[in-house]
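Scroll down for the structure; my scribbles are underneath it.
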Amino acid sequence: MLIEIQRHVIGPLENNTYVARRPGDNAAILIDPAIGSEAVVEHCVNADISIEAIVLTHGHADHILGIPAVMHRFPGIPVYVHPADRPFLSDPVLNGSSMIIGQPFTHTGELQDLTPGAQTIAGIDFTVVHVPGHTPGGCAILADGQCLVGETLCAGSIGRSDLAGGDGVQLINSIREHILSLPADTVLWPGHGPDSTVGHEAANNPFLNWL
Ligand SMILES: [Zn+2]
Ligand SMILES: [Zn+2]
C-alpha cells in the first residue's frame, strides 16, 4: 500500500511531527505530536485531512507535548504507544518535560497498546517494530519502503541511551537487527533532522562504522 508521509519541523528542539496517509485519502495518522502541533493540525484541517489516531515512536516529552493540541481539534482519537513506554506518559521525570518546557506534562487520557507486528490504523497498513534502547518502548513504523524510526537513529547519528530507561547495547542491537536489515533503499524518517536511507546510513553513519 502506498503511503504518503509529510514531515513538519516544529518546536524548540526542531522535532519532526509526521502526518501519514494513503495518497488521496482524507484519513491520516499523526506521529509524534511535538510542541507547536497546532500548526500541523491547522495544515491538516485546511487540506481536509482528518487525523484519526496519534502514534508515538516513544514517550519523551518533545514527542508528546502536542497531544492536547491535536486532541483539541480531533477529540477522542486513540493514542498508541508501546506498553513499555506507557509510564513515560504519566511521569514528568521519565518523559523529561520539566527539563524541556520548565513544567511537568502528563497525558492522563486513555492509551492504546502499540503492538509489534502488522497493524491497520486509520485504514493504513503498516508494521510496528520494537526497537528498544533510546527508551524501553521505542518503536519504528514501517510501510511502503519507508520507516519512521523515532530517535533510534537519525541521519548521521544515533539516539541517546543515557536518559531514563535507555540502554546503549539494546540500541545498537535494535539498529543492527531491525533497521540495517531493511532494504538499502528504505527511506528513514527520524524524530529529528532530515530523512535518509538505510544504505546511506550503513555506509556513512560514523556511529555504525564498527558494526
Ligand atoms: Zn527521545
Ligand atoms: Zn526527541
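The values are calculated or read from the model by the stated rules, or taken from the named source; none is laboratory data. Since this is a predicted model, take the numbers as computed values, not measurements. Note that each Cβ is placed from the backbone with ideal geometry, even for glycine, and that neighbours are counted across all protein chains shown. Areas reflect the complete protein model, heavy atoms only, side chains present, ligands, DNA and RNA absent. Shrake-Rupley method; radii C 1.70, N 1.55, O 1.52, S 1.80 Å.
Kindly check whether there is at least one residue in the stretch 41-56 that is of a type in the set (Asp, Glu), under 17 Å from Glu151 (Cα atoms) and out of contact with any Pro (no Cβ under 8 Å at 6 or more places or on another chain). Looking for residues that are of a type in the set (Asp, Glu), under 17 Å from Glu151 (Cα atoms) and out of contact with any Pro (no Cβ under 8 Å at 6 or more places or on another chain), one finds none in the stretch 41-56, hence no. Determine, yes or no, whether Thr106 is over 26 Å from Ile124 (Cα atoms), modelled with pLDDT of 95 or more and not in a helix (DSSP H, G or I). It is true that Thr106 is over 26 Å from Ile124 (Cα atoms), modelled with pLDDT of 95 or more and not in a helix (DSSP H, G or I).
So, Asp185, is that one away from ligand 2 (no atom under 16 Å from the Cβ) and either polar (S, T, N, Q) or over 13 Å from Ala140 (Cβ atoms) (or both) or not? Answer is yes for this residue. Asp85: outside any loop (DSSP other than H, G, I, E, B), closer than 30 Å to Asn173 by Cα and open to solvent by 10 Å² or more (accessible area, probe 1.4 Å), yes or no? No. Taking the stretch 159-174 as the range and being open to solvent by less than 40 Å² (accessible area, probe 1.4 Å) and of a type in the set (Val, Ile, Thr) as the test, only Ile172 passes.
When Leu148 is tested against (1) outside any helix (DSSP H, G or I); (2) over 17 Å from the mean Cα position of the chain (by Cα); (3) of a type in the set (A, V, I, L, M, F, W, C), just one condition goes unmet, and that condition is (2). Scan the stretch 41-69 residue by residue and report those that are away from ligand 2 (no atom under 16 Å from the Cβ) and either within 19 Å of Asn95 (Cα to Cα) or touching a Gly at 6+ places or on another chain (Cβ under 9 Å) (or both). Matches in the stretch 41-69: Val41, Glu52, Pro68, Ala69. Consider the stretch 149-193. How many of its residues are within 11 Å of ligand 1 (Cβ to nearest atom) and of a type outside the set (D, E, K, R)? Total meeting the criteria: 12. Just so you know, in the stretch 9-30 the residues that are buried (at least 24 other Cβ atoms within 10 Å of the Cβ) and among the β-branched types (Val, Ile, Thr) include one that is farthest from ligand 2 (Cβ to nearest atom), and it is Ile29. Would you check if Pro75 is farther than 21 Å from Val129 by Cα and not in a helix (DSSP H, G or I)? Spelling it out, Pro75 is indeed farther than 21 Å from Val129 by Cα and not in a helix (DSSP H, G or I). Restricting Asp85, Asp62, Asp113 to those that are away from ligand 1 (no atom under 15 Å from the Cβ), out of contact with any Phe, Trp or Tyr (no Cβ under 6 Å at 6 or more places or on another chain) and under 21 Å from Ile29 (Cα atoms) reduces the list to Asp113. Tell me, which residue of the stretch 145-181 that is within 14 Å of ligand 2 (Cβ to nearest atom) and of a type in the set (Val, Ile, Thr) is nearest to Phe88 (Cα to Cα)? Checking each candidate, the answer is Thr152.
Only residues that are within 21 Å of Ala143 (Cα to Cα), assigned to a loop (DSSP other than H, G, I, E, B), more than 16 Å from ligand 1 (Cβ to nearest atom) and not basic (Lys, Arg) were counted across the stretch 13-59, and they come to 5. Considering only residues in the stretch 90-143 that are surrounded by fewer than 18 Cβ atoms within 10 Å (Cβ to Cβ) and among the hydroxyl-bearing types (Ser, Thr, Tyr), the one that is nearest to Ser161 (Cα to Cα) turns out to be Ser98.
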